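One structure is given below, encoded as structure tokens.
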Amino acid sequence: MSKKKIAVFASGNGSNFEAIVKACVEGTVDAEVVLCVTDRPGAYVTERAARAGVPMVEFRPKDYPSKRDFELMLMHHLEEKEVDLICLAGYMRIIGETLLEAYPGRILNIHPSLLPAFRGADAVGQALAYGVKVYGVTVHYVDATLDGGKIIAQAAISYEGNDRDDLEAMIHAREHILYPEAINRVLPTI
Ligand code: GAR
């Protein structure tokens, strides 16, 4: 059977994109990353994609009259590459109904908190400001709610310090393990 095909959507650094590509190349995940999509042309993830030889779609949402229009454009690329699974990895945009309807149960997201705590933007900043002692990471299905879809995998991180850089490094390291694990749980179901 041919490998399942993954598209990763990212808006920034792309360290999770790279972790997913690495897991596929090394065979920890039995799939291949066939597309990298970014809504921020020139974001560092594009350098990572170029290095990994993964085709890219770079677009500016403001060049389109509506979300539906750019999601239709994205669907064209996803269909062309026969994508089975979309993994959001630091894609800082809410997925619209066009993509949700086209890929039901086939869009995942990683969020840097133990959902349902600290939904939305700057989850790490929210958790630090709250003064929690256990942080975490969640991979979940994407639905029409904000960070509210069914949870696939979670990991907790104990941290009592106050250094955001240290904490983010710990969170990222955990994400890079958890996302491939979550993909492995989902692959047999799609
Ligand atoms: C990750 O920490 C991810 O959990 C977060 O963005 C970062 C992207 O890092 N996503 C969200 O906050 C989504 N609400 P990366 O670009 O290095 O993969």
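The values are calculated or read from the model by the stated rules, or taken from the named source; none is laboratory data. The structure displayed is predicted, hence computed values, not measured ones. Note: ideal-geometry Cβ built from the backbone for every residue, glycine included; neighbour counts use all protein chains shown. Areas reflect the complete protein model, heavy atoms only, side chains present, ligands, DNA and RNA absent. Shrake-Rupley method; radii C 1.70, N 1.55, O 1.52, S 1.80 Å.
Going by the structure shown, is Val45 within 21 Å of Pro180 (Cα to Cα), within 16 Å of the ligand (Cβ to nearest atom) and among the hydrophobic types (A, V, I, L, M, F, W, C)?
So Val45 passes the test.
Could you count how many residues in the range 149-178 are in contact with a strand residue (DSSP E or B) (Cβ under 8 Å, 6 or more places away or on another chain), part of a helix (DSSP H, G or I) and either open to solvent by 60 Å² or more (accessible area, probe 1.4 Å) or hydroxyl-bearing (Ser, Thr, Tyr) (or both)?
3
Out of everything in the range 1-27 that is assigned to a helix (DSSP H, G or I) and open to solvent by 40 Å² or more (accessible area, probe 1.4 Å), what residue ends up being nearest to Ala43 (Cα to Cα)?
Here is the first cut: in the range 1-27, the ones assigned to a helix (DSSP H, G or I) are 15-26.
From the residues that got through so far, the ones that are open to solvent by 40 Å² or more (accessible area, probe 1.4 Å) too are 18, 22, 25-26.
Working: Glu18: 14, Lys22: 19, Val25: 23, Glu26: 25 Å.
Per the criteria, the residue is Glu18.
Given the condition open to solvent by less than 10 Å² (accessible area, probe 1.4 Å) and of a type in the set (S, T, N, Q), answer yes or no: does some residue in the range 65-76 qualify?
No, every residue in the range 65-76 fails to be open to solvent by less than 10 Å² (accessible area, probe 1.4 Å) and of a type in the set (S, T, N, Q).
Take Tyr91 and tell me if it is over 27 Å from Thr46 (Cβ atoms), of a type outside the set (Val, Ile, Thr), surrounded by 15 or more Cβ atoms within 10 Å (Cβ to Cβ) and within 15 Å of the ligand (Cβ to nearest atom).
Spelling it out, it is not the case that Tyr91 is over 27 Å from Thr46 (Cβ atoms), of a type outside the set (Val, Ile, Thr), surrounded by 15 or more Cβ atoms within 10 Å (Cβ to Cβ) and within 15 Å of the ligand (Cβ to nearest atom).
Got a sec? Which of Val37, Val83 is touching a residue at least 40 places away in the same chain (Cβ under 8 Å), in a loop (DSSP other than H, G, I, E, B), more than 12 Å from the ligand (Cβ to nearest atom) and buried (at least 17 other Cβ atoms within 10 Å of the Cβ)?
Just a single option satisfies the conditions, and that option is Val83.
Quick one: which of Ala153, Ala127 is at pLDDT 95 or above and within 12 Å of the ligand (Cβ to nearest atom)?
On inspection, the qualifying residue turns out to be Ala127.
Every residue in the range 101-123 that is assigned to a helix (DSSP H, G or I) and either within 16 Å of the ligand (Cβ to nearest atom) or surrounded by fewer than 16 Cβ atoms within 10 Å (Cβ to Cβ) (or both), please.
Glu101, Ala123
Listed here are the residues, each with its yes/no results for (1) under 24 Å from Ala144 (Cα atoms); (2) away from the ligand (no atom under 16 Å from the Cβ); (3) out of contact with any strand residue (DSSP E or B) (no Cβ under 8 Å at 6 or more places or on another chain).
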site	(1), (2), (3)
Lys3	no, yes, no
Ala10	yes, no, no
Val25	no, yes, yes
Ala50	no, no, no
Thr98	yes, yes, yes
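Would you confirm, using the coordinates I've provided, whether Glu181 is more than 25 Å from Glu18 (Cβ to Cβ), open to solvent by 10 Å² or more (accessible area, probe 1.4 Å) and modelled with pLDDT of 95 or more?
Criteria not met by Glu181.
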